[in-house]
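Quick notes on the structure that follows.
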Amino acid sequence: MMSLTNAQEHGTINNSISPNVKLRSINIGDCKWTTGFWADKFKVCEETMVPYMGELLCGDVGHGLNNFKIAAGLKEGKHEGFAWHDGDFYKWMEAVTYVYAQNGDKKLLKELDDIIEIISKAQEKDGYIHTKIQIDPGISRYENRKYHEMYNSGHLYTSACIHYRVTGKLNFLDIAVKNADLLYSYFMPDDKKYVRFGFNQTQIMGLVELYRTVGDKKYLDLAEKFINNRGKYKVEETLATIGYPIGDMVQERTPLRESTEAVGHAVLALYYYAGAADVAAETGEKALVDALDRLWENVTDKKMYVTGAVGQTHYGASTNRDKIEEGFIDEYMMPNMTAYNETCANICNAMFSYRMLGLHGESKYADVVELVLYNSALSGISIEGKDYYYANPLRKIHGVRDYEKMNTEFPIRQPYLKCFCCPPNLVRTIAQVSGWAYSLSENGLAVNLYGGNKLETKLMDGSSLKLTQETQYPWNGTIKITMQECKEDAFEVLLRIPSWAEGSKVIVNGKDAGVKVVPGAFAKIERSWKKGDVLTLDMPMNITFVEGNQRIEEVRNQVAIKRGPIVYCIESPDLPNDAKILEVYIRGNAALKAEYRPDFLGGLSTIKGEVLLRKDNKEGMYRTMKNPTFKTVKTQFVPYYAWSNRGDSEMTVFIPVILE
Ligand SMILES: [Zn+2]
């Protein structure tokens, strides 16, 4: 049996003593980026994303802190922003905490302490805190779920737990505990007024994390209660819970344990599933785990874009024909131009997958985490780090969508979004990726994500482990891990071999490691390691065409270009002036070549090659096809995440392919 006495309690999720997980989080701050992709992204996060967002949220534009000040009686004024603005503010605080964990800048701590002081003054004596309801006249607490009280509470708990884990301070945690105790008093009893109240349920994840932090099982019980209640009570039975949305939109038509299909609002669904995975890590309940397995497969194998994005439509219907928004529709129904793919939903997909990685210890879950991070998460923010996308479509064409009428879809990234859920969600994610890079197995270490870093951690038996990782991944497929300090006894290093990485080689001290290397699985290298040992993973970074399942009508006879984990797109600045993105075709045997450009769009590899432009396909809706004519042009493809950083452009991920 493994000893849990030295388990790490300061992870991004603290599953250090969760009885039903195979891989456990390392402590926040144990892995520090040194050079390369994530080091660069983290630097932008630290120097631009987090401070810039702080100015927005603590000033009059974002009004996040103002709302707390007004609720605390420290300032005159009205509540501004949506009802869930407090939750988005807590997410930014969480990002600040992760940055502090990396750089130790005491100014950040002081800034947080000052804010926490204001939040504590805004909190009511019985623990209630939700500035919209506290400030605005005429609305009562826990009356209408559209106010997102659960969402705000969930982010409060998570942010406060992370703050405690990183700083050891109780000031923020105390606020969370008081609020959770209040939540328990309202929602633990079977009061029909409240049994359907859960909405945008980040409180499930938050409550489990609170349980893991303070050890009081009642928070876990309440988290489980929210799962048990969902779908148990029919709308007609419990009309006391007022307000749209209902049914599949909020995953209340089918109880989770009976669910076979991801439905409704994608963010709501995936926060819910992620929370349920946290509960399952503690309870080990088979019915819950089985349901989550089905739902994960359904999401990633039937409803996910090639970029890892999810939530195919802004407005639509579930397969039960409930009205839904920002969410899942039928399987394989994958529109490109109108794809919604909320940045939050994509991040939630990674959060759900990260928790499934813990539960099952299989690398396919980390594959999805990586796919999301490099593609549909990072596309939500500009290279500079100050402008945001809420929706992340796979195609953009000039002049066909009336963006004036869309509140969350934009032609270019925006410096502020009125609905501010995505930006801090993304920034806190970029700030914490280092905490996801490695996991602890029973006797060793799993390498989930690649990037230049230094790891100083402890294995589950308490032995010290120090290593460095050097790589130019994702632009180059060679990963070099050097042991700096480790125990004498044998232990395993699990290297994730991504599902696309066929032909990968694992080498120890210059010799083939002689282990099974299978794409889509961890390669297990178990041996007695010593200081100076070098473990190398060589992944061929071939440029590949990706085609969709033949049932995805929207991508039939089209291909996406992928190299390693990076999905590429073609964008109008890389085409001749008068060319339109809909004119672009590509030959199935096109010669494509990667080229690293250090000074282009933050430093990245483009792919050079030729495309064909077809100019004779513009008139009428349908017509008799004559011999098409094509013109060959040289171009470059850029990573999808880097699109729309050169003005208002056209773009497509999928390109019609001509097979000869
Ligand atoms: Zn969002």
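Would you mind finding the one in Gly532, Gly514 that is open to solvent by 30 Å² or more (accessible area, probe 1.4 Å), of a type in the set (Gly, Ala, Ser), without any contact (Cβ under 8 Å) to a residue 24 or more places away in the chain and assigned to a loop (DSSP other than H, G, I, E, B)?
Details: Gly532 fails: without any contact (Cβ under 8 Å) to a residue 24 or more places away in the chain.
Selected residue: Gly514, the only one of Gly532, Gly514 that is open to solvent by 30 Å² or more (accessible area, probe 1.4 Å), of a type in the set (Gly, Ala, Ser), without any contact (Cβ under 8 Å) to a residue 24 or more places away in the chain and assigned to a loop (DSSP other than H, G, I, E, B).
Would a scan of segment 365-376 turn up a residue that is open to solvent by less than 10 Å² (accessible area, probe 1.4 Å), within 15 Å of the ligand (Cβ to nearest atom) and farther than 24 Å from Ile581 by Cβ?
Looking through segment 365-376, at least one residue is open to solvent by less than 10 Å² (accessible area, probe 1.4 Å), within 15 Å of the ligand (Cβ to nearest atom) and farther than 24 Å from Ile581 by Cβ.
Output the residue which, of all residues in segment 258-283 that are under 24 Å from the mean Cα position of the chain (by Cα) and open to solvent by 30 Å² or more (accessible area, probe 1.4 Å), is farthest from the ligand (Cβ to nearest atom).
Filtering segment 258-283 down to residues under 24 Å from the mean Cα position of the chain (by Cα) leaves 259-282.
Add one more test, that the residue is open to solvent by 30 Å² or more (accessible area, probe 1.4 Å), and what stays is 260-261.
Working: Thr260: 26, Glu261: 22 Å.
Looking at residues that are under 24 Å from the mean Cα position of the chain (by Cα) and open to solvent by 30 Å² or more (accessible area, probe 1.4 Å), I get Thr260.
List the residue pairs whose Cβ atoms are under 6 Å apart, where the first residue sits in segment 355-368 and is polar (S, T, N, Q), the second is open to solvent by 20 Å² or more (accessible area, probe 1.4 Å), and the two are 6 or more positions apart or on different chains.
Ser363/Ala521; Ser363/Phe522
Could you check segment 535-573 and list, in sequence order, the residues that are assigned to a helix (DSSP H, G or I), crowded, with 20+ Cβ neighbours inside 10 Å and more than 25 Å from the chain's Cα centre (by Cα)?
Step one: filter segment 535-573 for residues assigned to a helix (DSSP H, G or I), giving 553-555, 572-573.
Checking the rest, the ones that are also crowded, with 20+ Cβ neighbours inside 10 Å come to 555, 572.
Within segment 535-573, just Ser572 meets the criteria.
Within segment 510-547, track down each residue that is farther than 18 Å from Pro474 by Cβ and either in contact with a helix residue (DSSP H, G or I) (Cβ under 6 Å, 6 or more places away or on another chain) or of a type in the set (Gly, Ala, Ser) (or both).
Listed by number, the residues that qualify are Gly510, Ala513, Gly514, Ala521, Phe522, Ala523, Ser528, Gly532.
For Val250, all conditions in the list (1) crowded, with 24+ Cβ neighbours inside 10 Å; (2) β-branched (Val, Ile, Thr); (3) at pLDDT 95 or above hold save one; what is the number of the exception?
Only one criterion in (1) crowded, with 24+ Cβ neighbours inside 10 Å; (2) β-branched (Val, Ile, Thr); (3) at pLDDT 95 or above is unmet by Val250, namely (3).
Could you tell me whether any residue of segment 34-43 is assigned to a helix (DSSP H, G or I), under 28 Å from Asn200 (Cα atoms) and under 25 Å from the mean Cα position of the chain (by Cα)?
Residues of segment 34-43 that are assigned to a helix (DSSP H, G or I), as a first pass: 37-43.
Okay, now just the ones that are also under 28 Å from Asn200 (Cα atoms), so none.
Within segment 34-43, not a single residue is assigned to a helix (DSSP H, G or I), under 28 Å from Asn200 (Cα atoms) and under 25 Å from the mean Cα position of the chain (by Cα).
Do we have any residue at all in segment 456-468 that's within 16 Å of the ligand (Cβ to nearest atom), farther than 25 Å from Met93 by Cβ, over 14 Å from the mean Cα position of the chain (by Cα) and in a loop (DSSP other than H, G, I, E, B)?
Taking segment 456-468 as the starting set, the residues that turn out to be within 16 Å of the ligand (Cβ to nearest atom) are none.
No.
Find all pairs meeting these conditions: Cβ atoms under 6 angstrom apart; at least six residues apart or on different chains; first residue within segment 255-275 and outside any loop (DSSP other than H, G, I, E, B); second residue within 13 Å of the ligand (Cβ to nearest atom) and open to solvent by 10 Å² or more (accessible area, probe 1.4 Å).
The qualifying pairs are His265/Glu326; Leu268/Asn200; Ala274/Met351.
Return the residues of segment 30-46 that are touching a residue at least 40 places away in the same chain (Cβ under 8 Å) and either more than 26 Å from Ile383 (Cβ to Cβ) or charged (D, E, K, R) (or both); say none if nothing qualifies. Explain how you work it out, then say what you get.
Taking segment 30-46 as the starting set, the residues that turn out to be touching a residue at least 40 places away in the same chain (Cβ under 8 Å) are 30-42, 44-46.
Of everything in segment 30-46, those that are touching a residue at least 40 places away in the same chain (Cβ under 8 Å) and either more than 26 Å from Ile383 (Cβ to Cβ) or charged (D, E, K, R) (or both) turn out to be Asp30, Lys32, Asp40, Lys41, Glu46.
Collect the residues in segment 387-441 that are within 15 Å of the ligand (Cβ to nearest atom), farther than 30 Å from Ala579 by Cα and surrounded by fewer than 24 Cβ atoms within 10 Å (Cβ to Cβ), keeping them in residue-number order.
Across segment 387-441, the qualifying residues are Tyr416, Leu417, Lys418, Cys419.
What is the number of the single condition among (1) closer than 25 Å to Tyr374 by Cα; (2) modelled with pLDDT under 95; (3) among the polar types (S, T, N, Q) that Ser572 does not meet?
(2)
Please find, among Ile26, Ile13, Ile17, the residue that is open to solvent by 60 Å² or more (accessible area, probe 1.4 Å), aliphatic (A, V, I, L, M) and closer than 26 Å to Gly275 by Cα.
Values: Ile26 fails: open to solvent by 60 Å² or more (accessible area, probe 1.4 Å); Ile13 fails: open to solvent by 60 Å² or more (accessible area, probe 1.4 Å).
None of the others qualify; the one that does is Ile17.
For segment 140-156, which positions are in a helix (DSSP H, G or I) and surrounded by fewer than 18 Cβ atoms within 10 Å (Cβ to Cβ)?
Scanning segment 140-156 gives a single hit, Lys146.
Quick one: in segment 157-177, which of the residues that are over 23 Å from the mean Cα position of the chain (by Cα) and under 12 Å from Val214 (Cα atoms) is surrounded by the most Cβ atoms within 10 Å (Cβ to Cβ)?
Just the residues of segment 157-177 that are over 23 Å from the mean Cα position of the chain (by Cα), to begin with: 167-177.
This time we only want the ones that are under 12 Å from Val214 (Cα atoms), so: 170, 173-174, 176-177.
Numbers: Leu170: 12, Leu173: 23, Asp174: 15, Ala176: 30, Val177: 19.
Looking at the filtered set, the residue picked out is Ala176.
The values are calculated or read from the model by the stated rules, or taken from the named source; none is laboratory data. Just so it is clear, the model here is predicted, and its values are computed rather than measured. With ideal geometry, Cβ positions are generated from the backbone for all residues, glycine too; neighbour counts draw on all protein chains shown. Just so you know, the surface numbers come from the protein's heavy atoms only, side chains and all, with ligands and any DNA or RNA stripped out. Shrake-Rupley method; radii C 1.70, N 1.55, O 1.52, S 1.80 Å.
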